1. In whole angstrom, and with the biggest value first, how far do the Cα coordinates of region 68-111 range along each principal axis?
2. What part of the accessible area of region 32-101, given as a whole %, is carbon or sulfur when the probe is 1.4 angstrom?
3. What ranking do 76-85, 23-32 get when scored by the average of other Cβ atoms within 10 Å per residue, highest first?
4. Using a 1.4 Å probe, what is the accessible area per residue for region 46-111, in Å²?
Amino acid sequence: MTSLPDRLFRTRRFTRGAPGSFTVVGGGGTVVFLRGRTGDDPATCLWALDPGSGAERLLADPRALTGPSQGIDAYATDAGGGLAAFTLAGGLWAVDVHGGPVRRLPARDRA
């Protein structure tokens, strides 16, 4: 059994695993958000929720894309909400919110 201080540390005061950064797309047919896989997972993933059925789909898992990672900190969608883009491990990534593979885009740092 783990102690309360250990649980507080591993779950970042019970905030890991809580969804955040919501975007409603497709006229309300889909909600895109960030959340870890579990309550103590530090790698934040990009998810989609169908409000009608309650079904969730994992859109982008940073571990599957780049190996051990801190996760996706932020994302943006296009005006229609069909495409989500985010940065991860120094790269620019995109995924179709309604299905399709995650792809790394050919982008360079301007520095």
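1. Principal-axis extents of the Cα atoms in region 68-111, largest first: 30, 26, 17 Å.
2. Heavy-atom surface of region 32-101 belonging to carbon and sulfur, 1.4 Å probe: 54 percent.
3. Final packing ranking: 23-32, 76-85.
4. Spelled out: the 1.4 Å probe surface of region 46-111, per residue, equals 61 Å².
The values are calculated or read from the model by the stated rules, or taken from the named source; none is laboratory data. Since the structure is predicted, the reported quantities are computational estimates derived from the model, not experimental observations. Positions of Cβ are backbone-derived with ideal geometry, glycine not excepted, and every protein chain shown enters the neighbour counts. Note: areas computed on protein heavy atoms with side chains; ligands, DNA, RNA excluded. Shrake-Rupley method; radii C 1.70, N 1.55, O 1.52, S 1.80 Å.
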